[in-house]
Every structure is written in structure tokens, then in C-alpha cells.
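Asker: Dropping a structure here in C-alpha cells format, bear with me for questions.
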Amino acid sequence: MFAVLVPLKRPDRAKTRLAKSGVAEHQRLAVAFAWDTVAAALGSPLVAIIMLLFIISVTVHMRIGMQVIIEDYVHDESAKLTLIMANTFFAVAVALACAFGILKLAFGV
């Protein structure tokens, strides 16, 4: 088992050896280094698969939890059906957007 831990500081305090390049350029470089580190970690196929499984798990849990809340607190049947359909659509949309981002990083596109 492995873990990816990316320690981040505020951009104005990160990468102090690059401070000679100017404040705006220094902060831009600090954010770019962090972005490259995360992109490299997610570029690994194993990490991408694990993240996709995590995204699926989280969005299914989100959909089921919200569905239980809707079923318990919405008493009008037509509103309940509409909200459950919207909840399912939203969960699928979130899962697809996250999966697209992970796959884009994994394939380097």
C-alpha cells in the first residue's frame, strides 16, 4: 500500500529560494510546482484507477444519502420523484466530471 502526500504552503511562503524572481512570478512558480506534483501522481495508472474507484464510491454514497433525506422529509409524491431524479442526475454529473478530470490527467491530454 502507498500514499501520496503533497505538503503545501501558502504560495507566498513556498519555494523561498525562488523569491528573487519577483513576488508574482514566485507565487506562480510555487503553484506550478504543486500542480506538477499532483499531476505526476495522478498520471500513474494505478493511482488513477484508485481515484476512479474512490470517486464512484463517494458519488454513490452521496446519491444514496441524499435520497434517504428526500424520502424522509419530502411528503409530496410528485416533488419526491422529481427530486430523486434530479439527485440521481446530479450524482452522475459529478461522477462524470470527476472521472473526466482524472482520466485527462492520467492520459496527459
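Asker: Return a whole-number percent for the relative contact order of the chain, with Cα pairs under 8 Å and 6 or more residues apart as the contact set.
Answerer: Relative contact order, the chain: 29 percent.
Asker: Can you tell me the 0 to 90 degree angle between the C-alpha axis of helix 45-73 and the longest principal axis of the chain, rounded to 10?
Answerer: 40 degrees
Asker: Please state the shape class of the chain: rounded when a/c is under 1.5, otherwise prolate if a/b exceeds b/c and oblate if not, all from the C-alpha gyration tensor.
Answerer: Cα axes put the chain in the prolate bin.
Asker: For the stretch 45-109, what's the relative contact order in percent, using C-alpha pairs closer than 8 Å and at least 6 residues apart?
Answerer: 51 percent
Asker: Which translational diffusion coefficient, to the nearest whole µm²/s, is obtained for the stretch 34-85 from the Stokes-Einstein equation, given a Kirkwood hydrodynamic radius over C-alpha pairs, 25 °C and 0.890 mPa s?
Answerer: After rounding, the answer is 183 µm²/s.
Asker: Taking the 0 to 90 degree range and rounding to the nearest ten, how far is the long axis of helix 77-107 tilted relative to the main principal axis of the chain, both from C-alpha atoms?
Answerer: 30 degrees
Asker: Still on this structure: Exposure proxy check: 62, 51, 85 ranked by fewest other beta carbons within 10 Å?
Answerer: 85, 62, 51
Here, each number is a calculation from the coordinates, and none is a lab measurement. All values derive from a computational prediction rather than experimental measurement. Note that each Cβ is placed from the backbone with ideal geometry, even for glycine, and that neighbours are counted across all protein chains shown.
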